[in-house]
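Enquirer: One structure, as structure tokens, below. Some questions next.
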Amino acid sequence: MAVLLQEGLALSSRTTTTTTTTTTPTITTFSSCCKFSSSLWHGIIRAPGVFVASTTGSSRRKLVVKASSGSGATKVKNSRRYNITLLPGDGIGPEIMRVAVDVLKAVGTLEGIQFEFTEKLVGGAAIDAVGDPLPEDTLKSCKESDSVLLAAIGGYKWDKNPRELKPETGLLKLRAGLGVFANFRPATVFPQLVDASPLKNEIADSVDIMVVRELIGGIYFGTPRGFGTTINGDRTGFNTDIYSAEEVDRIARVAFEMAQKRQRQLCSVDKANVLEVSQLWRERVTAIGAEYPDVNLTHMYVDNAAMQLIRNPKQFDTIVTSNLFGDILSDEASMITGSIGMLPSASISASGPGLYEPIHGSAPDIAGQDKANPLAQVLSVAMLLRFGLGEATAADRIEAAVMDALHRGYRTGDIMSDGKTLVGCCKMGEILLEALGVRATASLKS
């Protein structure tokens, strides 16, 4: 049920009241933390089964979307206007979101794309405001939008809350509510950042891994779950790791299609030597593999995979795994790149809007200090444009701007190294706009 894009039809039929764009490369920013003055890498990842063909001789592109299950449903888009729901969340979330929105506005100006942004509460901010980590109006807005851009949720402040009032509960409900079952987490070592990796250069150089993580099943969602007591009165906690064959089949197909667009190498990670749920996982992935004879399928136990990611990460191209294992392995893989602050992610459903977010957390210890790295958030915008909206050229512009900033030696604290220029979150945003060739004027709002 992966999404297939082909020239001729569109990803969404929705049109919205939109912000005004102009052909003049000028953007008014609304970043409350910074003032701007005037002044290639492409394709971090291609969506599974996504074929985006650029058209010539026209300022507008039409694309088709249909489910690979053969439903035949199509929607037509006649204008490049999009409604984006913004979820700044907690901690550094609002800071990196401001930079990302400025970049999105800028590339919209350059490409003639119009956006309307709707900002909603989620996570700890929503708990504090309305007592719910995912208010109904937030989920409603997300479902009605063309794409959803999330920054980060959580923080020490809410750690002792009951489960239903934890920010993470809101995130899980959001994923389930949108039905975003397939999560793509690229771990690519930028040539400019190979020295920032904790691994030796010869190990880290040229690493390019895609982790395909099942996102709305497994132990995070399985029931029963809760607390109890033994016959002796000892307190217990329990969760259920459960997958159906259908759930495994659909994520497997997405992963095989992703592998087809990359190096045709797919490693399925499980714990089939001790877990029945992993035995079913391996059985179904193997069965689906018969549909993709051009992809080389291997299997690996999760403990070995964790070791091999450090020992020899270049042996991996595409990895498919469960919710829990994917959560852990993708964070581990991110550190090969030098910082978790560099990696975006995309989560897609069989239909409806996708969810795009950096894989890092809310970093409450540096919130409000202009120390956050906004690049993962900005690269998530590129994924949103490429996957959610079919705007590949706009995505290419953003990815190239990030590469340009790194090539010129600008670094936030998490990726800083000798001989480079240390900048804050807002300054990095300014540098990205300059790399896009956009003349920025400051317009602050509280």
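Enquirer: What residue, among those in segment 350-373 that are among the small types (G, A, S) and within 13 Å of the chain's Cα centre (by Cα), is nearest to V302 (Cα to Cα)? If you could, list the steps in order and put the result at the bottom.
Expert: Applying the first criterion (among the small types (G, A, S)) to segment 350-373 yields 350-352, 354, 361-363, 367-368, 372.
Next, from what is left, pick out any that are within 13 Å of the chain's Cα centre (by Cα): 354, 361.
Values: G354: 28, G361: 23 Å.
Looking at residues that are among the small types (G, A, S) and within 13 Å of the chain's Cα centre (by Cα), I get G361.
Enquirer: Something else now. Kindly state which helices (runs of 4 or more DSSP H) lie completely within segment 252-355 and contain at least 1 residues that are outside the structural domain of V378 (by TED's automatic domain parsing), under 15 Å from A182 (Cα atoms) and among the acidic types (D, E).
Expert: 323-336
Enquirer: Additional query: Considering only segment 50-62, I want to know if a residue exists there that is small (G, A, S) and at pLDDT 95 or above.
Expert: Taking every residue of segment 50-62 in turn, none turns out to be small (G, A, S) and at pLDDT 95 or above.
Enquirer: Which residues, taken from segment 176-205, are touching a helix residue (DSSP H, G or I) at 6+ places or on another chain (Cβ under 9 Å) and either closer than 17 Å to G93 by Cβ or of a type in the set (G, A, S) (or both)?
Expert: Those that are touching a helix residue (DSSP H, G or I) at 6+ places or on another chain (Cβ under 9 Å) and either closer than 17 Å to G93 by Cβ or of a type in the set (G, A, S) (or both): G177, A182, A187, A196, S197, A204.
Enquirer: Has segment 156-165 got at least one residue that is within 29 Å of V254 (Cβ to Cβ) and either surrounded by fewer than 24 Cβ atoms within 10 Å (Cβ to Cβ) or modelled with pLDDT of 95 or more (or both)?
Expert: Step one: of segment 156-165, the residues within 29 Å of V254 (Cβ to Cβ) are none.
No - not one qualifying residue is present in segment 156-165.
Enquirer: Also, I was wondering about something else. Do we have I219 as part of a loop (DSSP other than H, G, I, E, B) and surrounded by fewer than 22 Cβ atoms within 10 Å (Cβ to Cβ) here? So that I can check it myself, show each step before the final result.
Expert: Details: part of a loop (DSSP other than H, G, I, E, B): no; surrounded by fewer than 22 Cβ atoms within 10 Å (Cβ to Cβ): yes.
So I219 does not fit the description; no.
Enquirer: Given the structure, is L139 surrounded by 17 or more Cβ atoms within 10 Å (Cβ to Cβ) and either on the phi > 0 side of the Ramachandran plot or part of a helix (DSSP H, G or I) (or both)?
Expert: Yes.
Enquirer: List, please: which pairs have Cβ atoms under 9 Å, are six or more places apart or on different chains, and start with a residue in segment 271-287 that is under 11 Å from Y301 (Cα atoms) and end with one that is of a type in the set (K, R)?
Expert: Going by the 9 Å Cβ cut-off, the qualifying pairs are A272/R282; S278/K271.
Enquirer: What are the residues in segment 415-436 that are touching a Ser or Thr at 6+ places or on another chain (Cβ under 9 Å) and more than 15 Å from V99 (Cβ to Cβ), if any?
Expert: The answer is I415, L422.
The values are calculated or read from the model by the stated rules, or taken from the named source; none is laboratory data. Note that the structure is a prediction, hence the values are computed from the model and not measured. When we count neighbours, we look across all protein chains shown, and the Cβ atoms used for this are built from the backbone with ideal geometry, even at glycine.
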